[in-house]
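The values are calculated or read from the model by the stated rules, or taken from the named source; none is laboratory data. Computed from a predicted model, the values in this text were never measured in an experiment. We place every Cβ from the backbone using ideal geometry, glycine too, and count neighbours over all the protein chains shown.
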Amino acid sequence: MSFKSGWRLVALAATLLMTGATAQAQSDYPNRVIRVIVGFAAGGGNDLFARLVVQKVQQNTGWNTIIENKAGAGGRIAGDYVAKQAADGYTVLLGATGQMSIAAAIYPNLTYHPTKSYIPLNMIASFPLVLVVPASSPIKSVKELVAYAKANPDKSNYGTSSPAFTIASELLKLKTGMPATAIPYKSSNESNLSVVSGQTLFTISDGPPAIPLVKGGKTRALAVTGAVRSPELPDVPSMAEVGYPSVDSQLWSGFFVPTGTPEPIVKKLTAEFAKALTDPGVQASLRKMAVTPGGPTGEAFKKRIDTEIETYAAVAKAANLTFK
């Protein structure tokens, strides 16, 4: 046997050993702790979603899974962190619309991409946004809001606490021609309270801070974004019902793993998350948080995100919005 042939055999043997080891690692998965990274503070909606589903996965499988909160920059710190981790299934990202679809559309120097740096697994839940005005306001409908804003541009402003809510509000402006100036707040709870106090004419925000104020008679909900009414506000029309079907901002949360994660591991994670999400108790708990459980998985989830990126980028460009 020649020297060259001998090295070829050694290389082939090494390749077979590595392939066998990789296959073994995938078949044994998971054999250590799986970390689910949440880019938001403990106790917030995305954190609660993650803990609810992960706890059920642990009950179903016995997997050792922990939640780690890496809050900051609207979830982008966590997005950057997980994208740089080993693609072995042991680091999972809890991703939300703002840090994924919207961030990719509006931040030119984003260090990761939601469908290029990541493989989307399962959507956990989705939810519409709620448009509210003060309960004391004479405005009773979206069309009345639009008419008032056009007649009183100096009095038309809106509260917003994140690019997600700014984009939704600017989309309403683009589709109706109404004027309105953005007033920034630190949280969607603050922007809703700014409507209660009369500091702003309206706000479009997530349901958890908005719905209690609507039910408590402090604000009036004019519509929810999208085509379907919210079960929590059954008497409030959708934007489609009031004549603005393209005002369809829907937020979501879901699970992602870094691109390159082996397909068997992707399939195993997707299957177990799906099983947890179909549990009646998990679904009931999610609905109590004013969200719709479940959603697309895999390739369908990826296509939705890519479509959203194009939509949000177009809105930001049309409204001449810049984000840093």
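Data table
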item	result
Residue within region 281-298 that is in contact with a Ser or Thr (Cβ under 6 Å, 6 or more places away or on another chain) and more than 22 Å from Gly45 (Cβ to Cβ) present	no
Count of region 172-204 residues which are touching a Gly at 6+ places or on another chain (Cβ under 6 Å), of a type outside the set (Gly, Ala, Ser) and crowded, with 18+ Cβ neighbours inside 10 Å	3
Region 57-76, residues that are assigned to a helix (DSSP H, G or I), in contact with a Gly (Cβ under 9 Å, 6 or more places away or on another chain) and either crowded, with 16+ Cβ neighbours inside 10 Å or not assigned by TED's automatic domain parsing to the domain that holds Ser117 (or both)	Gly74, Gly75, Arg76
All positions within region 112-144 that are of a type in the set (Ser, Thr, Tyr), over 18 Å from Val38 (Cβ atoms) and either outside the structural domain of Thr160 (by TED's automatic domain parsing) or surrounded by 18 or more Cβ atoms within 10 Å (Cβ to Cβ) (or both)	Thr115, Ser137
Meets criteria (modelled with pLDDT of 95 or more and at positive phi) for Gly95	no
Matching residues, region 154-205, being closer than 16 Å to Leu222 by Cβ and charged (D, E, K, R)	Lys173, Lys175
Looking only at region 223-247, and only at residues there that are free of Cβ contacts under 8 Å to residues at least 24 places away in the same chain and more than 21 Å from Pro134 (Cα to Cα), the one that is surrounded by the most Cβ atoms within 10 Å (Cβ to Cβ)	Ala240
Subset of region 293-314 (residues that are in contact with a Pro (Cβ under 8 Å, 6 or more places away or on another chain) and among the hydroxyl-bearing types (Ser, Thr, Tyr))	Thr297
Selection status of Phe40, assigned to a loop (DSSP other than H, G, I, E, B), assigned by TED's automatic domain parsing to the domain that holds Gly98 and either modelled with pLDDT under 95 or over 29 Å from the mean Cα position of the chain (by Cα) (or both)	yes
Flag if Gly89 is in a loop (DSSP other than H, G, I, E, B) and either more than 26 Å from Gln283 (Cα to Cα) or touching a residue at least 24 places away in the same chain (Cβ under 8 Å) (or both)	yes
Residue satisfying all of: in region 55-82; without any contact (Cβ under 8 Å) to a residue 60 or more places away in the chain and touching a Ser or Thr at 6+ places or on another chain (Cβ under 6 Å); farthest from Ala125 (Cα to Cα) among these	Asp80
Any hit, region 279-293, residues being assigned to a helix (DSSP H, G or I), at pLDDT 95 or above and farther than 19 Å from Pro208 by Cβ	yes
Residues that are surrounded by fewer than 20 Cβ atoms within 10 Å (Cβ to Cβ), over 13 Å from Ser253 (Cα atoms) and either touching a helix residue (DSSP H, G or I) at 6+ places or on another chain (Cβ under 8 Å) or small (Gly, Ala, Ser) (or both), drawn from region 37-56	Ala41, Ala42, Gly43
Residue match in region 78-90 (condition: closer than 24 Å to Ser191 by Cα and either touching a helix residue (DSSP H, G or I) at 6+ places or on another chain (Cβ under 7 Å) or in the same structural domain as Val266 (by TED's automatic domain parsing) (or both))	no
